[in-house]
Amino acid sequence: MKLCIVGGGGFRTPYVYQALLRDRGFPRVTEVALYDIDEHRLRSMVAILDQLAAGFEDAPRLLPTTSLEAAVEGSDFVFAAVRVGGLEGRRCDEHVALDLNVLGQETTGPGGLAYALRTIPVMMELATLVRELAPHAYVMNFTNPAGIITEAMQSVLGERVLGICDTPSGLGRRVAGLLGLDHTRVQMDYVGLNHLGWMRRVMYNGEDVLPQLLADGKRLSLMEEGHVFGTDWIRTLGVIPNEYLFYYYFNRDAVRGIIDSKLTRGDFLAKTQSEFFDRVLQAGDGAADLWRETVRVRGASYMAEAKGGEQGAPATNREQETDPGQQGYAGVALGVMAAIARNERSTMILNVRNGSTVQGLPEDAVIEIPTTVDANGVHPQTTAQPELYQLGLMQQVKAVERHTIAAALTGSREEALKAFALHPLVDSVTVARDLLAGYIDRIPEVARVLTP
């Protein structure tokens, strides 16, 4: 089988390739087309992947290319992880908002909307190309904001596009681990949108074990969510929120923490990533080790502002939580491919079309819920309806997402203004206007999308 990785020069690529190396099933991926617009990054990734493949006689063949058509054509699966505007765009996503005392974050709040506005047109071109050159392929989207991008692409490819995020699955594994349970036998009752959801039950042998964890303050405090939200707030909710809900429940704290920190996440990554690509080709046989070290440093300060730290701070336990070659989004991607290609039926938390799953949201809205995947495609599981406060937040953010998609597809600044003004983390139409003007002024890719 052929896998196309769009954004093949990115940091996520070695995770996916390690998972493929360890896959012993049949049929399996034998060709990996790496597409990127940056030839230096492509050469760097090929060097790293070749070193990771040492000792594997049947490693998938690498096909690096700067031609998207060549990469996509004949693919069985497409993995998409691109960053339109690069890390400078991400820095602007953050700083335009922070300059207005509004949350500046990659996927949540106005920064995520600016990221989506410039990314949707590019991903729609990809969707059209997949329809033409690989009509039977499934697209596994990891491009952020994953829910918005997936929903936009589904207008072209339907349910052959699904969004991947490892945060909910990682939460379920950690709950199981704290309770001493086999995480492969755990079923998770989770509902929400991407980076906005709640773990409501954790089923093990027919029993909901989540109350055990909520009742055990010591164990609960060991979880990152316990540290981020505080055990009292989690117990008050009676569910475990997705960690990105920190930006909603503690918005003022988050904004102040980011403003007071020495670096934003984008600032930090721009520095470390630039240093990595400057050094990697000179690292020779140590390229893979340099990648591992860079990933370790990146992971150590993930969501640092939610944990009372700063970018570049000492490592947390997150990076040691799982084997990156088998778990995280790489594991989810491999699970999706195995389920579809080999009918290895599996259930994962994915971003998929709502249908009739959550009442109060449109049928074609993309939501994040447990989904069974097999050779016949993706099948969202029936789930209990969200509580009123959960549904209300989901509805408001989903409305914002749909205005964002409309703005990106039509170039309408009015639709874009609606998206910013209606977002629950933007508290003023005046601020929304300033945000829109700032992003148009600072990010050329946003200006090109939004016509005057």
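Values in this text are rule-based calculations from the coordinates and carry no lab data. If you're wondering where the values come from, they're calculated on a predicted model, not measured in any experiment. Here the Cβ positions follow ideal geometry from the backbone for every residue, glycine too, while neighbour counts run over all protein chains shown.
Overview of values
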| quantity | calculated |
| --- | --- |
| Along principal axes, Cα extents of the stretch 7-46, largest first, whole Å | 33, 15, 13 |
| Cα centroid of the stretch 395-444 to Cα centroid of the stretch 157-206, whole Å | 30 |
| Highest to lowest packing among 136-144, 58-66, scored as the average C-beta count within 10 Å | 136-144, 58-66 |
| About the Cα centre, charge dipole magnitude for the chain (Lys/Arg +1, Asp/Glu -1 at Cβ), debye | 300 |
| Under 29 Å, Cα to Cα: Lys pairs in the chain, sequence gap 8 or more or different chains | 6 |
| Stokes-Einstein D (µm²/s) once Rh is taken as the Kirkwood radius of the stretch 74-182 over alpha-carbon pairs, at 37 °C in 0.692 mPa s | 214 |
| Range of Cα positions in the stretch 390-449 per principal axis (Å), largest first | 36, 24, 15 |
| Nitroxide proxy distance, nm - points 7 Å out along Cα→Cβ at H136 and R256 | 5.9 |
| Relative compactness, the stretch 1-107, computed as alpha-carbon Rg over 2.2 N^0.38 Å | 1.27 |
| 5 angstrom amide H check on R200, placed H, neighbours 5+ away | D189, Y190, V191 |
| Y389/H227 FRET efficiency (R0 22 Å; Cβ-Cβ; nearest 0.05) | 0.45 |
